[in-house]
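These notes concern the structure reproduced below.
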Amino acid sequence: MTELAAQTFLLVENDNRIRKALAALLREMGHTEILQARTGTEAWSLFKQFQPDLIVSSWDLPEMNGLVLLK
């Protein structure tokens, strides 16, 4: 397992199809630690709880946009 494969990812996307497709792609690449959120608020809660290594976020999110989340 590569070092990157062991990292925790947080996917933030309000479209379930896109989020699930991205998660499936990451799993195919060997990543197993994948957190998923639908809103910026949900993502912030997961971030505080798990402190992921990498965040992939949509720009246009309900409750808190991606830019505010990543700041």
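A short reminder: the numbers here are calculations on the coordinates, not readings from a lab. No experiment lies behind these values; they were computed from the predicted model shown. Neighbour counts run over all protein chains shown; Cβ positions are idealised from the backbone, glycine included.
Our summary gives the chain a relative contact order of 39 percent, counting only alpha carbon pairs under 8 angstrom and 6 or more residues apart. Calculated from the alpha-carbon coordinates, the range 4-70 shows an Rg and a Dmax of 11.1, 31 Å respectively.
Of Arg17, Arg38, Arg27, the residue with the greatest mean-square motion in the GNM of the chain, using alpha carbon springs below 10 Å, is Arg17. Each of Arg17 and Glu33 was given a label point 7 Å from its Cα along the Cα-to-Cβ line. The distance between the two points is 3.2 nm. In a simple Cβ point-charge model (Lys, Arg +1; Asp, Glu -1; nothing else charged), the chain has a dipole of about 120 debye relative to its Cα centre. Considering the chain as a Gaussian network with a 10 Å cut-off on Cα pairs, which listed residue, Ile55, Ile34, Ile18, attains the greatest mean-square fluctuation? Among Ile55, Ile34, Ile18, the largest mean-square fluctuation in the Gaussian network model of the chain belongs to Ile18. The C-alpha atoms of the chain define a longest principal axis, and helix 40-50 lies at about 40 degrees to it.
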